[in-house]
Structure formats: C-alpha cells, structure tokens
1. Anything in the stretch 118-153 that is of a type in the set (Gly, Ala, Ser) and either surrounded by 24 or more Cβ atoms within 10 Å (Cβ to Cβ) or within 19 Å of Ile284 (Cα to Cα) (or both)? List them, or say none.
2. Can you give me the number of residues within the stretch 215-250 that are modelled with pLDDT of 95 or more, closer than 25 Å to Ser294 by Cβ and among the aliphatic types (A, V, I, L, M)?
3. Under the condition of being touching a Ser or Thr at 6+ places or on another chain (Cβ under 9 Å) and of a type in the set (A, V, I, L, M, F, W, C), which residue from the stretch 291-322 is nearest to Leu26 (Cα to Cα)?
4. Wholly within the stretch 104-200, which strands (runs of 3 or more DSSP E) include no fewer than the required count, namely at least 1 residues that are touching a Lys or Arg at 6+ places or on another chain (Cβ under 7 Å), at pLDDT 90 or above and under 23 Å from Val216 (Cβ atoms)?
5. For Thr220, indicate whether it is under 19 Å from Ser140 (Cα atoms), out of contact with any Leu (no Cβ under 9 Å at 6 or more places or on another chain) and assigned to a loop (DSSP other than H, G, I, E, B).
6. How many residues are under 15 Å from Gly202 (Cα atoms), without any contact (Cβ under 8 Å) to a residue 40 or more places away in the chain and surrounded by fewer than 18 Cβ atoms within 10 Å (Cβ to Cβ) if we restrict to the stretch 221-260?
Amino acid sequence: MRPQLLAIATIPVLLTSVAFAQQYALRMLYPLGSPYDQTYASGLDADGYTVGGSSSSTGAVPQIGIVRSADGFHRQMGSLAPCLPYGGSGLNDVSPGGRIAGSTSSVCGGYSLAASGSVLDPSGYVTYPPLPGGGDCAASGAADDCVVGWSNRTTGCGGFLCIQTTARAMKWYSDATAVELPISNFVVAIANGVNGSGVVVGRAYTAENSDSAVAVRWDTDASLPVTLPALDGTYGDALKISDAGVVVGQSALGAERHATRWVGTTAQDLGALPGHTFGIAYDIDDSRGIVGYSKLDADSTESTAVLWRDGQIIDLNSLVSHAGGVVLTSANGINSRGWIAANGIVDGKLRGFVLTPCPADLNNDGFVEDADFSIFIVAYNILDCADPAMPAGCPADLNNDNLVDDADFVVFVAAYNALLCP
C-alpha cells in the first residue's frame, strides 16, 4: 500500500470532520478508439446502464451506439448488413428495465431502421421496417415492452425534410407488432417518449414543412392525440412522460423557447438559469427531478446542464468536481436512483458522462461500506487510471483527475461516514 494513504486508524476522526467535496461523481463513456474520439450519453436504466454513442469529431466514420454498464464496461451496437462496418447506429433512450430505443443505418444503402435491443447484449438488436412505401424510421423512446418513434411514408427523400413532410408517429412492440398512432387533423407526427403504461408523447404539425409544432399525448394506441398547450400557444414539443403522467419538453414563450412541464393539459414554465432565456427539459423521474439544459438565448452555441428539483434550477457543474476540465453542457436522462446521463466538453471534444449522487458506492449496492473500501484500496495502489490494471472506467477516481490518490480518499471517507446513498 502506498504510504501516502492516511492511516486507517484515523478514519474515526475523519468521519466526523470531513464534508462532502462534491455531490456527484463523473463516470465517462469512453470513445471506441481512433478515429472515434467523441461520445455522447442519451439515457440510463434503473440499474445504471447508460446508452449513447461514439463518433469522430472529423466525421470520418458514422457514429456507433454504445452501452456503458454500471461497473464501467462498454458494449457496442453494430449497423445494418451488408454495409458493415461502414454503417452506423445510435442509441436514443433506454427503459427502466433495459430496453434500448435507437436506429441503425447503412451508408451504402442510404437508409435507417428503428432498432431495439437489451443493454445486456446491444449487438443482438432487432430492427423494425418503415411503413409501406416509406424509406426510413427510427426509435427515440423506450418502455420495457415497446419502443416509439417515427416512420416516413415516402421514399426518395431524406433527413429532416423527409421527416417534416411524411413522418408518422409509431409504436413497435417487443413481438414486432407495429402500430401507427392516429394523427387526427395533423399531417405529420413524431413520437418521442413512452411511459410504463404505454402513454406516448411527441409533437405534431398541421402543415408540411412547418416550424410550428404542437406538443401531443396519445393515451392509448387507438386514441386521437391530446394537444398539450404551449406557454404562448405557438410551439410545443413533448419529449418524455413519467409513470405518473407528468410530461416534460419545450414550448414557446415569445421569441424564445422554455423548458416546460405539463401536468394534465396545463403547461408550467420551468424557468432557466439567471440571465438565460432558452431551455429544454429532456427527462423526468417523479421522485428525483427533471433534467435538461439552459442557455443564454436561441442563438447561443453554449449551454449548461441543469437539474430542476424542489422548485429550484441547479447548474450541474456546481455539483461536481471540475478536475480534468469537464464542462457539462446537457443533461439528457435521469433514473429512479438519481443517476444522470449528461454530455460535456473535455479538451474541445464531446464526451458522455454518468453522474452518480453516491460517488464512493463502488459496488453499486446503495451503501458506502467496507466492501467499497476494499475496492478503493485496490485502485489506490494502482494510482493511474491509464494503467491497464485499473478497473474499467476508473470508478474510484472520485474527483475526475485521472488518478486515485489522497484527494479521492478524502471524498471516500466523507461518503463512508454517511453510509446510506442519498
């Protein structure tokens, strides 16, 4: 054991005198390796499996979907044959029980298909075809028994234009049953999220190529969409719905768009950070809060990851250590344990992160106790996170400086004193 470690006999003193140095620890989603040098995190399940992707900052290769387990191991999702390895994939959401929603594409074929799989084996995904006559589809929201998204109805167009002119909201069940959700008097509809009861939320348009979307909710597979009013009536987009039926997303207020919560059909402005006028809410857990981002205005290129909880808006950067130069820009998912999937910038490159509110719970059992101390000591003796002997993800690096040293031990001792994770 390195001699710098404070003697274990001093722990009783430290336990009563050391305050928490941070409220969240950062766990990085690592790039797949050259030419992949970036990652993003889009959501996480109840057990801490985090979904996202890895990409190249130069655009040299298509992005590939990845899953990070709670213990730091990464798994990869492939792309459509026959264009392997030239196609790409993206993971957009994951249900509490670990069902993935995403898409997989073929560059040579120029199309994408909605895809679903398990966090335990993302390479064993299944795909769903678009509606008859359509060329593309994608899944953006997940429940344990289904995924939701959109399918276009016309071939020969691509990208955002195709979605804006022909998209229909879809639900695909685990037995491959496909349901086109009713659109009433709308001409375009996109499903973004679904809860455990099968209630779907998204956005719809009354005209093709319109910038004026309406937030909507489908209570059943056969019901017409319910309009969720925007703050000023001109734009709305519902992104997620909790199991209690609370919806979050974005809606217009004057020239700006604000993070919004809908309870029933009543819109509530969540607010933005001081001096900011633009925000979006990406996900909600009924007991842990709402996550998203806030930025100066619609034209600003810099954003800040935020948490709305107990009537407050909190800059997540204020709740983590910034060793390593991490700047969190967007919080994209939150689970029932309070873990948060977020994106940030490190040395000019996009990185996905998991924020855990119990940094020293190294075996993820909800407690910080002797078992975690044993894991910490092993990592402490290795020291450098780059050492091949270090456990995957370097979870004992509690201040994110790529070393496991005395500074991490101080953080660990404070958490050990608390014992029970928040």
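The values are calculated or read from the model by the stated rules, or taken from the named source; none is laboratory data. Computed from a predicted model, the values in this text were never measured in an experiment. Positions of Cβ are generated from backbone atoms using ideal geometry, with glycine treated the same way; all protein chains shown enter the neighbour counts.
1. Applying the first criterion (of a type in the set (Gly, Ala, Ser)) to the stretch 118-153 yields 118, 123-124, 133-135, 138-143, 149, 151.
Those that are of a type in the set (Gly, Ala, Ser) and either surrounded by 24 or more Cβ atoms within 10 Å (Cβ to Cβ) or within 19 Å of Ile284 (Cα to Cα) (or both): Ala138, Ala139, Ser140, Gly141, Ala142, Ala143, Gly149, Ser151.
2. The number of residues fulfilling the criteria is 10.
3. Only one residue fits best here, namely Leu316.
4. Numbers: elements: 111-118, 121-128, 137-143, 146-151, 168-173, 178-180, 188-194.
Fully inside the stretch 104-200 and qualifying: 137-143, 146-151, 168-173, 178-180, 188-194.
5. Values: under 19 Å from Ser140 (Cα atoms): yes; out of contact with any Leu (no Cβ under 9 Å at 6 or more places or on another chain): yes; assigned to a loop (DSSP other than H, G, I, E, B): yes.
Yes.
6. Of the residues in that region, 3 qualify.
Conditions (1) basic (Lys, Arg); (2) over 28 Å from Gly292 (Cα atoms); (3) crowded, with 18+ Cβ neighbours inside 10 Å, marked per residue:
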{"site": "Ala360", "(1), (2), (3)": "no, no, yes"}
{"site": "Ala371", "(1), (2), (3)": "no, yes, no"}
{"site": "Cys385", "(1), (2), (3)": "no, yes, yes"}
{"site": "Cys394", "(1), (2), (3)": "no, no, yes"}
{"site": "Asn400", "(1), (2), (3)": "no, no, yes"}
{"site": "Asp406", "(1), (2), (3)": "no, yes, no"}
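Conditions tested, residue by residue: (1) of a type in the set (A, V, I, L, M, F, W, C); (2) crowded, with 19+ Cβ neighbours inside 10 Å; (3) under 28 Å from Val201 (Cα atoms).
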| site | (1), (2), (3) |
| --- | --- |
| Tyr282 | no, yes, yes |
| Trp308 | yes, yes, yes |
| Val320 | yes, yes, no |
| Val346 | yes, no, no |
| Lys349 | no, no, no |
| Asn364 | no, no, no |
